[in-house]
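All of the numbers you see were taken from the coordinates with simple rules; none came from a lab. Because the structure is predicted, anything quoted here is derived from the model rather than measured. All Cβ positions, glycine included, derive from the backbone under ideal geometry; neighbour counts span all protein chains shown.
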Amino acid sequence: MRIHKIIIVISFCFLTGSSFAQNGEGETGQYHKFSVYAGAGPSYFINNLVILKDQVNNFQYAVSARLMWEPQHSFVALGFETGYYRLYTVTSTYPNPKADVSNSSVPLMFVVSMKFSKKFYANWAMGQSITFNKVSNTDSSYNFNANTWSLSDFSATFGYRFVQKPKISYSAELKGYYSSGYENATIALLFIVGFRL
């Protein structure tokens, strides 16, 4: 918890100082920019299961969305990120019982973004996630589902913005996501569309 606070304070101080240093007149409210980013793509689950390890479907999909505050003269931006990660699915082929298992996460994270150039950028996000673990027995009508909070999750992103226009942008991102609740990790290749508000 202390690390979260330190990151937020340092990021805010650096962002504010850099913005005012670039804006000699110190005008407030004119250089604040908000942008929305959303996209989806394939993902690969890093298999850490013990039971049914050989029957895991590692290739799944991920959806990501974030709202960012991007000051005009700063290379650091702050925002909020969420999305949907289908981590893995399992189809049990054991004679008894037969079951379908799926595990997914919805992150709720604070994100810091840094631009290295007009094309390249990186994001670091920390927060919590809701994990959905669904188990259905195909031989009966009973389901065994569980939803839990994962309290210490993070993601890291490296992105390349290949189209940048005044209002819209197109990017490709390589994102790594880790959920501490079940120690799940996945890597996703996302195609992102950005819109400046």
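If I stretch the segment between Y44 and A185 completely, what's the gain in nm (0.36 nm per residue apart, minus their alpha carbon distance), one decimal?
Numbers: separation 141, 0.36 × 141 = 50.76 nm, distance 0.88 nm.
Full extension from Y44 to A185 adds 49.9 nm.
Taking the centroid of alpha carbons for each part, the range 158-196 and the range 46-73 are 10 Å apart. Couplings 3J(HN,Hα) for the range 49-54, derived from phi with the Karplus relation 6.51 cos²θ - 1.76 cosθ + 1.60 (θ = phi - 60°), are 6, 9, 7, 6, 4, 7 Hz, where x marks Gly and Pro. Across the range 145-158, coupling constants 3J(HN,Hα) worked out from phi with the 6.51/-1.76/1.60 Karplus curve, θ = phi - 60°, read 10, 8, 10, 9, 8, 10, 8, 9, 10, 7, 9, 10, 9, 10 Hz, and Gly and Pro carry x.
Stretched out straight at 0.36 nm per residue, the stretch from A65 to I168 would grow longer than its current Cα-Cα span by 35.6 nm. Residues whose amide H falls under 5 Å from that of F120, counting only those 5 or more places apart or on a different chain, are R161, with hydrogens built in the peptide plane. If R0 is 25 Å, the Cβ-Cβ spacing of K53 and S152 corresponds to a FRET efficiency of close to 0.50. Note on V106/H73: beta-carbon distance plugged into 1/(1 + (r/R0)^6) with R0 of 35 Å gives a FRET efficiency of 0.55. Of the peptides 159-171, 33-45, the order by per-residue mean of other Cβ atoms within 10 Å, starting with the highest, comes out as 33-45, 159-171.
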